[in-house]
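Input: a single structure, listed below in structure tokens.
The values are calculated or read from the model by the stated rules, or taken from the named source; none is laboratory data. Please read all numbers here as calculations on a predicted model, not as lab measurements. Don't worry about glycine lacking a Cβ; one is built from the backbone with ideal geometry, like all the others, and counts go over all protein chains shown. The accessibility values were calculated without ligands, DNA or RNA, using every heavy atom of the protein model including side chains. Shrake-Rupley method; radii C 1.70, N 1.55, O 1.52, S 1.80 Å.
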Amino acid sequence: MPTFLELQDDAALLSFEHQLHLSERVGEHSWRVDLAQPLFEFTGENPLVADRVHLLGSAAPGPGSWLWAWANPFGYRPEVLGIALAAKEFGERHGIPELAEAEVPFDALPGSPTEPAQVASLMMEAAKVATGRWSGYQGPVGGGTRAGFLLEHPELSLPPASSARTMRVLQQGVMELTLHDHRRAFGSYAVHRGLAVSGEDGPMWITGPDFRIGVEFNERNQMTKMSATLGAPS
């Protein structure tokens, strides 16, 4: 059964690729959400309206805690809460209290984060793995509180994997993200991206339709070397 910390590694790279794709799709933007509709609208360079909006919860600095949307007394529409409830069920099934409990104190999370944005990110990453929804957005909703959403729209789906994009995600991800176990993070990314992966102990091979990436790790499962070969695998 995965731990909450392991879910962070499982989510990191595919979530990162989805965020890159979202950023490229909408460009410079403003946003608004209407949970009564529901809809999530990006305005600016490249407008986009998603009518499948899932509120996960909110991280509030006052109580210093994350509150899952299904536990919020506001009473949101069922279709807005469905994914948060699916994450709750995953947490109950796998014994992950961060997903199953209504309210999670900041200091109960890995690293005891104090910033609501960081807390929202941790909770959203875990929920992405639990529910298989990967396009997320978080933003301020007043008083220093950050709300986390998962969005669905055809234009937010990733295009087929390419060698250049996959290498960028892996290289940039190692530099910019907090990966606790690189081998786990790379393997999870490959599986969720629909790529073939082999090599449990030595070098890892990630194979796509027209590329093969070799990755080496040290004894702490930190990436030490990566290279790509282009061309359809034989």
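The heavy atoms of M223 offer some 50 square angstrom of accessible surface to a 1.4 angstrom probe. Relative to the longest principal axis of the Cα atoms of the chain, the long axis of helix 163-176 lies at roughly 60 degrees. Working value for segment 72-168: equivalent-ellipsoid semi-axes of 24, 17, 16 Å, each the square root of 5 times a Cα gyration tensor eigenvalue, largest first. Per-residue ellipticity at 222 nm, computed for the chain from helices alone with -39500 (n - 2.57) per DSSP H run of at least four residues, works out to -11500 deg cm²/dmol.
Taking every alpha-carbon pair under 8 Å whose residues sit at least 6 apart, segment 127-203 reaches a relative contact order of 16 percent. Take T207: with every protein chain present and a 1.4 Å probe, its accessible area is about 30 Å².
One Cα centroid belongs to segment 163-198, the other to segment 139-156; the line between them spans 24 Å.
With the cut-off at 26 Å, report for the chain the share of all Cα pairs above it, as a whole percent. Tail of P(r) above 26 Å: 40 percent of Cα pairs. Using only side-chain charges placed at the Cβ, +1 for Lys and Arg and -1 for Asp and Glu, the dipole size of the chain relative to its Cα centre rounds to 300 debye. In the chain, Cα pairs under 8 Å separated by at least six residues give a relative contact order of 20 percent. Between the Cα long axis of helix 4-26 and the first principal axis of the chain there is an angle of about 90°, rounded to the nearest 10. In terms of packing, defined here as the mean over residues of other Cβ atoms within 10 angstrom, the peptides 53-65, 99-111, 3-15, 20-32 line up highest first as 3-15, 53-65, 99-111, 20-32. Given R0 = 22 Å, the distance between the Cβ atoms of Q222 and L20 translates into a calculated FRET efficiency of 0.45.
For segment 1-90, what log10 I(q)/I(0) values come out of the Debye formula at q = 0.16, 0.19, 0.20 1/Å, with one point per alpha carbon and no solvent? Each listed q corresponds, in turn, to -0.89, -1.16, -1.21.
Rolling a 1.4 Å probe over the protein heavy atoms gives segment 107-184 an accessible area of 43 Å² per residue.
Applying the Karplus relation 6.51 cos²θ - 1.76 cosθ + 1.60 with θ = phi - 60° to segment 192-207 yields 3J(HN,Hα) values of 5, 8, x, 9, 6, 9, 9, x, 7, 10, x, x, 9, 10, 10, 10 Hz, where x marks Gly and Pro. Determine the share of the chain's accessible area contributed by carbon and sulfur atoms, expressed in whole percent, with a 1.4 angstrom probe. Carbon with sulfur: 51 percent of the solvent-accessible area.
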